[in-house]
Amino acid sequence: MKTGTSPKTLRIPNDTIADIERVAKEKKTSFSKEAIHRLQNKGSDDKNYPLLLAKLQTIINFSLEGAESGNVEMVNKAKEEVKKLWERKLISSK
């Protein structure tokens, strides 16, 4: 499969254009990169996002409990959850 780009004309609803522009600005990226990201993800949000938020909350909870109680085991549990995130590649770059 060849790589590269090709210009294509397509009609995009104005509200979708505004949303892509808003998200691209928030992410400090270009309209094209955000549109391509959406096309590659079938136009939906990152499907791992809710899971990522839940995992991050677990990490925070373990860390806080460890810090408040002085329990090193809770901090180790937080580290293990972080390791799982990276192993599953749930954290992706822009």
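If each residue of separation counts as 0.36 nm, what is the full-extension length gain between residue 53 and residue 68 once their alpha-carbon separation is subtracted?
3.2 nm
Lys and Arg at +1, Asp and Glu at -1: add these up for the other residues within a Cβ distance under 12 Å of residue 73 and post the number.
0
When ranked by the protection proxy of mean other Cβ atoms within 10 Å per residue, highest first, what sequence do the peptides 12-22, 53-63 form?
In decreasing order of mean packing, 12-22, 53-63 become 53-63, 12-22.
How far apart, in nm, are two points set 7 Å out from the Cα along the Cα-to-Cβ line at residue 31 and at residue 6?
Each label point is offset 7 Å from its Cα along the Cβ direction, giving 2.2 nm.
FYI, it's all coordinate maths here, none of it is from the lab. As the structure is a prediction and not an experimental result, all values here were calculated from the model. Positions of Cβ are backbone-derived with ideal geometry, glycine not excepted, and every protein chain shown enters the neighbour counts.
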